[in-house]
Amino acid sequence: MATVLIIGRPNVGKSTLFNRLVGGRKAIVDDIPGVTRDFTVGRVNWQQKTFQLVDTCGLFENPENIVEEKMKEVTLELLGEGDLLIFLVDGRQGVTSADIELSDYLRRQKKEIVFVANKVESEGAFYTAANDIYALGFGDPIKISAAHGLNIDGLIDEIFERLEKLGHSVHIEEEEQSSLRVAIVGRPNAGKSSIFNWIVGSPRSLVTEVAGTTRDTVDETLTIDGKAMTFIDTAGIRKKSKVKVMNVEYYSVMRAIDAIERSDVIVMVIDSTEGVGNQDQRIAGLAEKNGKATILVFNKSDLIDERRRKALIRTVKQDLYFIDYSPVIFTSAISGKGMDLLIDSIKLVSEKIDLRIPTPLLNTLLSRYSETTPPPGKGKKRGKIYYGSHISGRPPLIMLNVNDPDLFTETYLRGIRNTIRQNFDRYEGTPVFLKLRRKR
């Protein structure tokens with residue numbers, strides 16, 4: 001699939017254009033320059049044609065801090081991977097020195113460029129900035145308003161025409177086999193992006209010592225031992241009381257929660273030096289509630305001793321008991337310690353979420369458990385399980401046909417789940433859901 005990059009200085013509307021083209025609010029949009037700190041990937045489908053679109057970081061002429069420097073480095077490295085570049089300028093406010101510097105750089109790269117002037121709601125607004133924009137040397141720009149959707153269809157037609165002239169196949173092929181989706185989540189500065197970068201093998205997500213650097217989710221699809229896996233790096237999730245509603249960080253947290261909901265496996269990254277906190281419990285609860293497989297990763301393990309390691313394991317059993325079926329991995333993304341074990345755990349869990357228990361074996365286990373541990377009841381009425389069946393996966397969902405669902409306590413159902421794990425499969429990292437239905 002051809003890859004198209006949106007390039008431009010900060011605050012010219014790159015993320016607004018990205019959202020308009022992919023048909024949703026995947027990239028964070030705000031009037032503050034530099035909101036997009038990672039690149040965001042989406043897919044544009046138009047009249048049975050398609051291409052991959054990348055929203056890049058804004059390029060700062062003179063980076064003022066380490067984050068801006070990293071943003072510039074990542075974007076410049078990414079330019080070499082694009083098949084086509086959309087050079088976006090502000091058609092209303094005109095050209096700045098950053099635009100001029102970027103235009104000089106793009107000419108040296110000799111890449112195919114679609115020149116676009118954004119925020120042109122009327123021809124009159126464009127005339128003020130026209131001379132400076134033409135002076136950049138890329139000819140007559142395609143005039144659009146990403147915010148209002150003006151001339152977006154003309155831009156898309158131009159993109160496809162250019163891609164086809166370059167020899168790229170743009171027609172939608174048969175739907176590819178869906179990949180396993182793995183979200184890397186946790187509190188800010190726990191090392192999520194470092195782990196993500198180690199896995200994908202390239203600095204696709206910003207890594208600095210500044211907490212909260214990652215604001216958007218970043219996706220990368222890999223093939224590991226013949227299995228397609230899409231890894232998602234997310235923004236750190238903080239307590240709601242620390243995140244102001246409708247600010248940039250609010251949207252970042254929403255992206256992280258969305259990543260959890262649309263993923264199959266959740267890699268929960270916890271700072272070994274800080275341990276399990278209340279917010280880690282909330283993240284784990286969110287993953288379990290949504291039926292996601294989980295792997296617990298204590299990162300920065302090179303900074304702790306064996307005594308601390310054992311204490312962290314005890315904490316998991318106490319504070320994260322509701323996902324105690326999850327593999328616990330100690331890693332150091334800096335040295336690579338434990339990373340191979342993490343990959344092995346992801347592969348293992350990816351198999352368990354689709355593992356089905358045969359109906360005859362399930363009912364044998366249910367019968368044995370009921371004999372040794374009779375179902376609870378109320379008064380003279382006792383619970384009775386007639387039969388069970390495994391009805392779906394991701395997560396495993398087992399339907400129990402019973403006489404009265406209200407008679408069965410959570411403690412008893414937990415015992416059934418433990419029986420399945422002990423006698424059929426441990427279902428590492430995978431929640432097992434039980435649904436009760438009254439037999440008519």
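The values are calculated or read from the model by the stated rules, or taken from the named source; none is laboratory data. Computed from a predicted structure; not experimentally measured. Note: ideal-geometry Cβ built from the backbone for every residue, glycine included; neighbour counts use all protein chains shown. Ligands, DNA and RNA are excluded from the accessible area calculation, which covers all protein heavy atoms including side chains. Shrake-Rupley method; radii C 1.70, N 1.55, O 1.52, S 1.80 Å.
Annotations for the structure displayed:
- Here the range 298-440 is described by how far its Cα atoms reach on the three principal axes: 60, 30, 20 Å, from widest to narrowest.
- Amide H contacts under 5 Å for Val114, placed H, 5+ residues apart: Leu85, Ile86, Phe87
- Residue-count net charge about Ala129 - beta-carbon cut-off 9 Å; Lys, Arg +1, Asp, Glu -1: -1
- Taken along the Cα-to-beta-carbon direction at a fixed 7 Å, the label points for Thr359 and Phe322 span 3.3 nm.
- Average accessible area per residue (Å²) across the range 355-423 - probe 1.4 Å, nucleic acids and ligands excluded: 54
- Mean Cα-pair separation over length for the range 254-386, i.e. relative contact order, pairs under 8 Å, 6 or more apart, %: 21
- Of the accessible area of the range 266-334, computed with a 1.4 Å probe over protein heavy atoms only, carbon and sulfur atoms account for 45 percent.
- At R0 = 22 Å, FRET efficiency that the Cβ-Cβ distance of Thr372 and Asp425 yields, to 0.05: 0.65
- Sorted peptide list for 83-93, 154-164, criterion being average Cβ within 10 angstrom, highest first: 83-93, 154-164
- The shape of the range 315-368 comes out oblate: with a ≥ b ≥ c from the C-alpha gyration tensor, a/c is at least 1.5 while a/b does not beat b/c.
- Distance violations [Cα-Cα > 24 Å] among Lys14/Lys49; Lys289/Lys380; Lys289/Lys384; Lys292/Lys381; Lys347/Lys435: Lys289/Lys380; Lys289/Lys384; Lys292/Lys381; Lys347/Lys435
- Here the range 346-382 is scanned for amide nitrogen atoms under 17 Å from the site 7 Å beyond the Cα of Asp406 along Cα-to-Cβ, giving 376-382.
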